[in-house]
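First the structure, in the form of structure tokens, and then the observations on it.
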Amino acid sequence: MGNKALPSICYDLHSHSTASDGVLSPTELVQLAAENGVDVLALTDHDCTDGHAEAAKAAAVASIRFIPGIEVSVSWRKRLIHIVGLNVDRDYAEMQHGLSELRIKRERRAEEIGVKFEKIGMPDVYEGARALASGVLSRSHFAMYLVEKGVVKDLQQAFKKYLQQGKRCYVGAEWASLEDALSWIHGAGGQAVVAHPARYKMSRTLFREFLKDFKALGGEGIEVACSSHNLQEATQMAGYARELELLASAGSDFHSPHNNWAKLGRVHALPEGCTPIWQAWD
Ligand code: AMP
Ligand code: MN
Ligand code: MN
Ligand code: MN
């Protein structure tokens, strides 16, 4: 019997460009995706769709399919959760209005982070981070600046020492509600996906409550295959997807070619029994 496997399509449905905290321009990102064998790429910058037009153009040249996406910062019971939107229409005014408010909050938060650094004797960190951001200003830019200045050895160290919750220069904020984020994504014709679900450090009970809220608001999917998941976590997320009848997504959360654990297009296959989010796409 001819048992040849069908040629599999490579999906990477979570990535960043210089429109937020990625280091490649949308064009460079798409070119690297094509080089790495990605067939379908979603650009999901934080709280912003400014990279879509350029990425769509580059994808047409590179003959890969471009999925316009977004990664919305959400506060759910005081926790920061990221919700990816796939196939969103960037012209949907309510979404753009909501995203612009999030970007204003980001600016305010960045200034406050700057003040915290000033207070511990590093007055130039805000300006330094700002200069590194060509789009949405993120904690990543603070981390990049600290690495550049030799204050820490890598980005993770910067978060661990200064920028993550509970650390000296962390500043909290009230981001979008889950309800608003989903209504923007759905209003823009997209599907909502829980980003890197294993990263939230919630108990199983709490995480199930979150997923139930998400599902009740019409949330469609959950990232099962992603760079920050090990095999056990991917299997666990596949279990939640089956239990709650959520679709499974796959994305690298690529930010930079220098990052060894999140390579563009290098995402594990979905475990058996998952229904891929792209199943119903034309
Ligand atoms: P923000 O959206 O401005 O709060 O920044 C969050 C971004 O920082 C995430 O999207 C990641 O790109 C990055 N980030 C968060 N935690 C870490 C970490 N421990 N190491 C490296 N980057 C991180
Ligand atoms: Mn990021
Ligand atoms: Mn994220
Ligand atoms: Mn991301």
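Since every read-out is calculated from the coordinates, none of them should be taken as a lab result. These numbers come from a predicted model, not from an experiment. A quick note on method: Cβ atoms are made from the backbone with ideal geometry, for glycine too, and the neighbour counts reach across all protein chains shown.
The table below gives the values:
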read-out: FRET efficiency, TYR170 to ASP91 (Cβ-Cβ, R0 30 Å, nearest 0.05); value: 0.30
read-out: The chain - Rg over Rh from alpha carbon coordinates, Kirkwood radius; value: 0.96
read-out: Ranked by how many other beta carbons lie within 10 Å on average, peptides 156-166, 38-48, 18-28 from highest; value: 38-48, 18-28, 156-166
read-out: Rel. contact order, % - alpha carbon contacts under 8 angstrom, at least six apart, region 100-163; value: 23 percent
read-out: Coarse-grained scattering of region 100-163 at q = 0.13, 0.23, 0.24, 0.28 Å⁻¹, given as base-10 log I(q)/I(0) from a Debye sum over alpha-carbon atoms; value: -0.30, -0.93, -1.01, -1.29
read-out: Sequence-separation-based contact order of the chain, relative, with Cα cut under 8 Å and 6+ spacing, percent; value: 19 percent
read-out: Antiparallel content of DSSP bridges confined to the chain, in %, to 5; value: 40 percent
